[in-house]
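Following this message is one structure expressed as structure tokens.
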Amino acid sequence: MLRAAYIVSCNLSAIFIIVSLPGALPVSHPADMMPCPPGGPPNVPPTCTAAGRWCDNHNGTVTDTTTGLIWLKDAGWGADTAFNRAIGLAGEVKNGNPASLTDGSQAGQWRVPTFDELNTLTYGTEPISCSSQYLFTGVQWSYPYWTSTTASFDPATGLCLEVYSGYGVGYCPKNGYFPFWPVRNGQ
């Protein structure tokens, strides 16, 4: 059952239709921030979006309170690269690499998300879209992001997801160059 649909425009060359699914809360704007449970640097409480889904930990990370996953705040850090290189680079993310990351994490804790994990960003309360990046920076709207999921029909093909729509499932050749968005499990 369709509850509501409305049009948003990311740029002048494309129009995207956003559909609100049954039971989904209305998309809110990040103008009103509220404190979240502690998790960032000492004496700096995390800040959350109005509905409480996204919490900026003030250490280069943002926590999704609906999944418990911790995302790199700078979604543009994982520049265009081939699949296997993205997997390797994500595993090298740690406290101080990138310089904005001060969460105390160690190499091997970060990874390229699965298709299902990346897709969770695009639905539910406060979905990431071209009109609402919430607490993230550098979200790439022009290209799909790598996931760590390999296509079932071809081991040389990976699944990609266009974050701006959430519907843009792509079958990307693993030697193609796409951005990736590192994630790690919560504490």
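Where a number appears in this text, it was derived from the coordinates with a stated rule and is not lab data. Model, not experiment: these values are computed from the prediction. Backbone-built Cβ (ideal geometry, glycine too); neighbour counts: all protein chains shown.
Excluding residue 101 itself, calculate the net charge of residues whose Cβ lies under 9 Å from the Cβ of residue 101, where each Lys or Arg counts +1 and each Asp or Glu counts -1.
0
Taking a temperature of 20 °C and a viscosity of 1.002 mPa s, what whole-number D in µm²/s does Stokes-Einstein yield for the range 59-187 with Rh from Kirkwood over alpha carbon pairs?
Roughly 148 µm²/s, to the nearest whole number.
OK, next. Residues with beta-carbon under 9 Å from that of residue 69, excluding residue 69: net charge, scoring Lys, Arg +1 and Asp, Glu -1?
-1
So, one more: Using Cβ counts within 10 Å as a stand-in for footprinting exposure, how do 83, 153, 180, 115 rank, fewest first?
In increasing order of surrounding Cβ atoms, one gets 153, 115, 83, 180.
Pairs of alpha-carbon atoms within less than 8 angstrom and 6+ residues apart define the contacts here; what relative contact order does the range 49-172 have, in percent?
21 percent
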